[in-house]
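To start, the structure under review is shown below, and the notes come after it.
The values are calculated or read from the model by the stated rules, or taken from the named source; none is laboratory data. Since the structure is predicted, the reported quantities are computational estimates derived from the model, not experimental observations. Heads up, the Cβs are rebuilt from the backbone with ideal geometry, glycines too, and the neighbour counts pull from every protein chain shown. These accessible areas exclude ligands, DNA and RNA; they are computed on the full protein's heavy atoms, side chains included. Shrake-Rupley method; radii C 1.70, N 1.55, O 1.52, S 1.80 Å.
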Amino acid sequence: MEIAAALVKELRERTGAGMMECKKALVESQGSIEAAIEAMRKSGQAKAAKKAGRIASDGAVVIKVAADGKRAVLVEVNSETDFVAKDANFAAFADAVGEAALACAAADVEALAAEPLSAGEATTIAEAREALIAKIGENIQIRRLVRFEDVQGQLHAYRHGVRIGVLVEMEGGSPDLGKDIAMHVAATNPLCVSAEQVPAAALDKEKEIFRAQALESGKPAEMVEKIIGGRVRKYLEEVTLHGQAFVKDAETTVEKLLERAGAKVRRFARVEVGEGIEKKQENFADEVMAQVRGS
């Protein structure tokens, strides 16, 4: 049947899909826009399910801070490639997800997926994600949500490019100091604020490694504990914000910097795109050969 250009245009505006896909959906639905939208949604869900197993280790981190400075979110939204991570459609979706996360009370990404993408809209974040997958052709995932609520101090945010996002809650100090601390966290990735916060399990594991290394080197038993003590102190300096040398001044630690400014870091969060995801190493020549052999 003949489909009017105005109908195709309306469907494009409502779905964001390509012209040919809209025209095809309208032909199959006998010109019914609502039926075409439903069919396209089902198609998008099917495409999303097919791509769900593909590794999405690229993407962007979005930071949103409430106007009153008492709430903030960090959201990691993943794509398969850096090319898609730079796409305007992906960037708009990621930004909308960040805004939605700040506006709602969802505690995790599963709960966030059920929230509307924007106020007053019926489309959920999960549905918008499926539509984007259908449009872009890559697996898109919302991987992490970090929420700061009931902030007592001041919030300081820093984003390095689009790949690393940091939130710091600090009492005292200045906005410049807060930004410097957030930039430091982005650069050095400390485990926690102070030595007291290092998980006991992590510390015990390191002690076991140090002990094994000391014994392996043939050190006398009476020296082993002293060696372990020294290495533990060095480890705590490396993994805690307080113990680290400040990135702008290697002669001072962050703890001393904060003390001089009369400031205290209550907590921080750092999210980097793709952390902990093992990227699949593709061999293009092998992939082509496999296709040739299968044809």
**OP:** Scan the chain and hand back the longest stretch that contains none of the GluC sites (Glu not before Pro) lying in DSSP loops with at most 12 other Cβ atoms within 10 Å.
**Re:** 150-277
Original post:
Percentage of Cα-Cα pair distances in region 169-212 greater than 16 Å, rounded to whole percent?
Top reply: 55
Original post:
Which value, in Å², gives the accessible area per residue of the chain when a 1.4 Å probe is used on the protein heavy atoms?
Top reply: 56
Original post:
Okay, helix-only estimate at 222 nm for the chain: each DSSP H run of n ≥ 4 adds -39500 (n - 2.57), divide by all residues, round to 500 deg cm²/dmol; what do you get?
Top reply: -15500 deg cm²/dmol
Subject >> Distance between modelled label sites at Lys234 and Asp150, nm, 7 Å Cα→Cβ extension >> reply: 4.2
Original post:
Measuring from label point to label point, each 7 Å out along Cα→Cβ, what is the Thr81 to Met19 span in nm?
Top reply: 2.4
Original post:
Hey, any idea what % of the chain's accessible area is carbon plus sulfur with a 1.4 Å probe?
Top reply: 52
**OP:** Output ³J(HN,Hα) for region 201-213: one whole-Hz value per residue in order, computed from phi by the Karplus curve 6.51 cos²θ - 1.76 cosθ + 1.60 with θ = phi - 60°, and x for Gly and Pro.
**Re:** 4, 5, 5, 4, 5, 5, 4, 4, 5, 4, 5, 4, 5
**OP:** With an 8 Å cut-off on Cα pairs and a minimum separation of 6 or more residues, tell me the relative contact order of the chain in percent.
**Re:** 18
Original post:
Can you list the trypsin sites (Lys or Arg not before Pro) in region 65-173 that are in a DSSP coil and have 16 or fewer other beta carbons within 10 angstrom?
Top reply: Lys70, Lys86
Subject >> Pairs beyond 25 Å (Cα-Cα), from Lys205/Lys226; Lys226/Lys264; Lys64/Lys234 >> reply: Lys226/Lys264; Lys64/Lys234
Subject >> Value in Å of the Kirkwood radius, where region 213-270 supplies the Cα pairs that are averaged >> reply: 13.5
Original post:
Using heavy-atom solvent-accessible surface (probe 1.4 Å) with all chains present, what is the largest-first order of Val8, Val146?
Top reply: Val146, Val8
**OP:** Counting other Cβ atoms within 10 Å, keep those with at most 13, restrict to DSSP loop, and tell me which trypsin sites (Lys or Arg not before Pro) in region 196-286 are left.
**Re:** Lys248, Lys279, Lys280
Original post:
Once the Cα gyration tensor of the chain is diagonalised, what are the square roots of 5 times its eigenvalues, in whole Å and ordered largest first, as equivalent ellipsoid semi-axes?
Top reply: 48, 26, 14
Original post:
Along region 84-95, what does the Karplus equation 6.51 cos²θ - 1.76 cosθ + 1.60 (θ = phi - 60°) give for ³J(HN,Hα), rounded to whole Hz, x for Gly and Pro?
Top reply: 5, 4, 8, 5, 5, 5, 5, 4, 5, 5, 4, 5
